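Student: Take this structure, written in structure tokens, and hold onto it; I'll ask about it next.
The values are calculated or read from the model by the stated rules, or taken from the named source; none is laboratory data. Not measured: the values here are computed from a predicted model. So basically every Cβ, Gly included, is an ideal-geometry build from the backbone, and we count neighbours across all protein chains shown. Heads up: the accessible areas ignore ligands, DNA and RNA and are worked out on the full protein's heavy atoms, side chains in. Shrake-Rupley method; radii C 1.70, N 1.55, O 1.52, S 1.80 Å.
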Amino acid sequence: MAMRDDCKYFQRRAYASGETAQFCALGLAPEAPWRCPDDCPRYARRPDLPGSGPGGGVEVRVEPDLHPDAVAVLSSAEEIIGAVG
């Protein structure tokens, strides 16, 4: 599943280089930190979103699913970094 930026555990960081990182603050998908786990047991909608109250409705942007090749490259990179650490 793509990263759910309406979850209260979603975090996005921007770096001076212009790159950004988005991830689950709980680390619930260590094998794929750029994606949310399917049927995440800890998903909780951020209470500060417009329309998050009773009867509210808001369309939420989600990142597009990654191409399978991109997932494989990111997984390999994570394994390499883990081995070095």
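Student: List the residue pairs whose Cβ atoms are under 8 Å apart, where the first residue sits in region 9-22 and is within 14 Å of PRO33 (Cα to Cα), the second is assigned to a loop (DSSP other than H, G, I, E, B) and open to solvent by 100 Å² or more (accessible area, probe 1.4 Å), and the two are 6 or more positions apart or on different chains.
Tutor: Matching pairs, first to second residue: TYR9/ARG42; ALA21/TYR15.
Student: If we keep just the residues of region 13-41 that are of a type in the set (Gly, Ala, Ser) and at pLDDT 80 or above, which is most open to solvent (accessible area, probe 1.4 Å)?
Tutor: ALA16
Student: Look through region 60-83, keep the residues that are acidic (Asp, Glu) and open to solvent by less than 90 Å² (accessible area, probe 1.4 Å), and return whichever of them is modelled with the highest pLDDT.
Tutor: Checked region 60-83; the qualifying residue modelled with the highest pLDDT is GLU78.
Student: Check region 45-59 and report whether any residue there is at pLDDT below 80 and not in a loop (DSSP other than H, G, I, E, B).
Tutor: Checking region 45-59: not a single residue is at pLDDT below 80 and not in a loop (DSSP other than H, G, I, E, B).
Student: Taking the conditions exactly as written (of a type in the set (Gly, Ala, Ser) and open to solvent by less than 50 Å² (accessible area, probe 1.4 Å)), does ALA44 satisfy them or not?
Tutor: Considered against the rule, which asks whether it is of a type in the set (Gly, Ala, Ser) and open to solvent by less than 50 Å² (accessible area, probe 1.4 Å), ALA44 comes out as yes.
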